[in-house]
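Below is one structure, written out as structure tokens; the observations come after it.
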Amino acid sequence: MMEAAQYRYSLKFSIATLSVLVLLMLIIVRNAGSSNMVFVYVIYGFASFVFIALTAVIVLKRLIPALKGNVALQLDDEGISDYIKEVSINWADIKEIHLIRGRSASIMRVDMKWESDYGSQIAIYLRWIQGKDQEIYETTLAYFEQWQAETNEL
């Protein structure tokens with residue numbers, strides 16, 4: 001039996017995302033302020049609504065849990081618990097695990113043995129999880145391989 005590995009929400013990525021949103025909003029405000037067309041103000045109003053909605057979601061779902069130090073991903077003897085998407089995956093249901101590298105962060109793709117309530121592939125976005133993507137992936141593989149070895153012994 002392995003001790004549970006827990007990864008917390010990424011405070012750094014939450015703050016970076018909010019910073020980009022604020023920067024984009026400031027650009028829109030600057031451009032809207034220099035125009036006297038009504039249509040520009042309509043676009044600005046829509047952009048403001050989207051900005052406020054996205055900011056609220058990021059603050060509530062990502063920033064506050066990161067500030068509290070909440071666990072975003074847990075690996076244990078039972079399986080993978082993704083608290084960001086509120087998905088639990090048992091090791092017995094997993095066929096393969098892959099790491100898909102991206103520009104800003106990676107995605108850990110879990111291929112299921114059959115179609116689950118979440119589909120046949122489940123994506124775990126590592127950008128919202130504190131830690132190095134490769135390390136999280138390797139730890140997940142170690143847990144999966146340990147579970148396979150224990151299952152084969154029985």
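Assorted remarks:
- Verdict on Ile94 being among the hydrophobic types (A, V, I, L, M, F, W, C) and open to solvent by less than 20 Å² (accessible area, probe 1.4 Å): yes
- From the options Ser10, Ser48, Ser19, residue that is small (Gly, Ala, Ser), surrounded by 12 or more Cβ atoms within 10 Å (Cβ to Cβ) and within 26 Å of Leu126 (Cα to Cα): Ser10
- Residues in the stretch 116-151 that are without any contact (Cβ under 8 Å) to a residue 40 or more places away in the chain and either in contact with a Cys (Cβ under 8 Å, 6 or more places away or on another chain) or not in a helix (DSSP H, G or I) (or both): Ser116, Asp117, Tyr118, Gly119, Ser120, Gln121, Ala123, Lys132.
- Selection status of Asn70, loosely packed, with under 11 Cβ neighbours inside 10 Å and among the polar types (S, T, N, Q): no
- Considering the stretch 123-154, the residues that are within 15 Å of Ala72 (Cβ to Cβ) and among the aliphatic types (A, V, I, L, M) include one that is surrounded by the fewest Cβ atoms within 10 Å (Cβ to Cβ), namely Ala123.
- As a summary of the residue check, Tyr7 satisfies the conditions (1) assigned to a helix (DSSP H, G or I); (2) under 18 Å from the mean Cα position of the chain (by Cα) except for the one numbered (1).
- The combined condition, being over 23 Å from the mean Cα position of the chain (by Cα), among the hydrophobic types (A, V, I, L, M, F, W, C) and closer than 30 Å to Tyr143 by Cα, is fulfilled by Met2.
- Candidate set from the stretch 65-93 (those that are in a helix (DSSP H, G or I) and out of contact with any helix residue (DSSP H, G or I) (no Cβ under 9 Å at 6 or more places or on another chain)); member that is nearest to Ile122 (Cα to Cα): Asp93
- Residues that are under 15 Å from the mean Cα position of the chain (by Cα) and in contact (Cβ under 8 Å) with a residue 24 or more places away in the chain were ranked within the stretch 73-91; the one that is most open to solvent (accessible area, probe 1.4 Å) is Lys85.
- Which numbered condition Arg109 misses (of (1) modelled with pLDDT under 95; (2) open to solvent by 50 Å² or more (accessible area, probe 1.4 Å); (3) farther than 16 Å from Arg8 by Cβ): (1)
- Selection status of Ser34, closer than 25 Å to Lys113 by Cα, without any contact (Cβ under 8 Å) to a residue 40 or more places away in the chain and among the hydroxyl-bearing types (Ser, Thr, Tyr): no
- Restricting the stretch 58-67 to residues that are open to solvent by 80 Å² or more (accessible area, probe 1.4 Å) and either in contact with an Asp or Glu (Cβ under 8 Å, 6 or more places away or on another chain) or of a type in the set (A, V, I, L, M, F, W, C) (or both), the residue that is farthest from Leu11 (Cα to Cα) is Leu60.
The values are calculated or read from the model by the stated rules, or taken from the named source; none is laboratory data. Keep in mind that what you see is a predicted model, and the values were worked out from it rather than measured. Don't worry about glycine lacking a Cβ; one is built from the backbone with ideal geometry, like all the others, and counts go over all protein chains shown. For accessibility, only protein heavy atoms count, side chains too; no ligands or nucleic acids. Shrake-Rupley method; radii C 1.70, N 1.55, O 1.52, S 1.80 Å.
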